[in-house]
Every structure is written in structure tokens, then in C-alpha cells.
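To start, the structure under review is shown below, and the notes come after it.
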Amino acid sequence: MSIALSDTPAWLTADLRSDHAGETGAVWIYRGILAVSRDAGLRGFAERHMATEQGHLDLLEAVLPPADRSRLLPLWRAAGFLTGFLPALFGPRAVYATIDAVESFVDRHYQEQLDRLDAAGIEPALRALLARCQDDEVHHRDEAREAARPPPGALLRAWAWLVGAGAKAAVAAARRV
């Protein structure tokens, strides 16, 4: 799918840069999980979700010219890998709590962009693409949340907070660099 963007405002390019960086990181989260996990159910979860995230990344690469992408992509790959690898060392519940935290942040992040596009009344095709990505991310969050039952304890909640804070910082950096 290719979307020709009209005169793209700087804020939209920055948002798309952060989306591209985030989807890059997401693919690497699942690579990190697959590098260490031997749990068949978790591996299936990671393989399915990685394919979806790769599809999102492909869509964003069709929209965002290489010159406008984050120059920190090696950092986003490494951070993503560690965000999957570390909890996978502790098992499925830690991974599911991590994915819940990441996707909860991503849902809000995409919603902010959709609201801004709606307010500006621009780029309806891009808005539809981002809404589709958001729907997939919400599905990933809900699947992880269901698989993690019962709800995580204090340590996993602290980890999830750290993951969310890291995602917020990564978006801020990717919008600029």
C-alpha cells in the first residue's frame, strides 16, 4: 500500500518517524522473545505478532521516505530486542505483562495522532492506515492481558511502568532524531 502524502506538516513527519521507530522496535521485541523462549505457546504468540508488526513497518516504510526516518534505528532495534529478551528469561507472564505495557502505550500514542489528524482534517488515507495499525495493537494488548491472568504482581507492574516510561522517552527522541 502506498499513500502519497500532500504537503506534510513537520509535526506529522515527526509522528510518522516515531511510528516507524516504534514498529522497528516492536519487530525486535518479538525477535528478542524468540531468541530465548522455548515455550511453544509463547513462541506462537511472538511469531504471529512479529508478522503483524513487520506488516506495520512495511506500511510505514512505504509512506515515510528514508531521509525522514529516525537516525537512531540501531538503538531502537537494540532496545526492542532487550525489551523482549529480558522478560522472556523470566517466562511467559513477564512477556505478556511487557506486551500489555507496550501496547497500552502504543494505543494511546496512535490515538493522539488520529485525534490530531481529525482536528486538522488532513490525510484521510493515512488516518485509515494508522487506525488499522492501532486496532492490531489493541488486539495484541488484549491477547497479552488475557494470557497473563491473573493480573501481574508488584514487580511486574514496576517493570511495566518502566517499559511504558521507556516507550514515552523513545517516542520523544524519535520525533526529533
Q) Hey, among the residues in region 19-74 that are touching an Asp or Glu at 6+ places or on another chain (Cβ under 8 Å) and of a type in the set (Phe, Trp, Tyr), which one's surrounded by the fewest Cβ atoms within 10 Å (Cβ to Cβ)? A) 45
Q: Go through region 108-126 and give me each residue that's assigned to a helix (DSSP H, G or I), of a type outside the set (Gly, Ala, Ser) and surrounded by fewer than 17 Cβ atoms within 10 Å (Cβ to Cβ).
A: 108, 111, 112, 114, 115, 116, 118, 124
Q. Does residue 57 fit the bill of being in contact with a Ser or Thr (Cβ under 7 Å, 6 or more places away or on another chain) and without any contact (Cβ under 8 Å) to a residue 60 or more places away in the chain?
A. yes
**Q.** From the options 88, 94, 101, residue that is part of a helix (DSSP H, G or I), among the small types (Gly, Ala, Ser), more than 19 Å from residue 165 (Cβ to Cβ) and modelled with pLDDT of 95 or more
**A.** 88
Q.
Under 9 Å between Cβ atoms, which residue pairs at least 6 apart in sequence (or on different chains) link something in region 127-151 that is closer than 17 Å to residue 64 by Cβ with a partner that is small (Gly, Ala, Ser) and part of a helix (DSSP H, G or I)?
A. 133/55
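The values are calculated or read from the model by the stated rules, or taken from the named source; none is laboratory data. Source: prediction; values computed, not measured. Backbone-built Cβ (ideal geometry, glycine too); neighbour counts: all protein chains shown.
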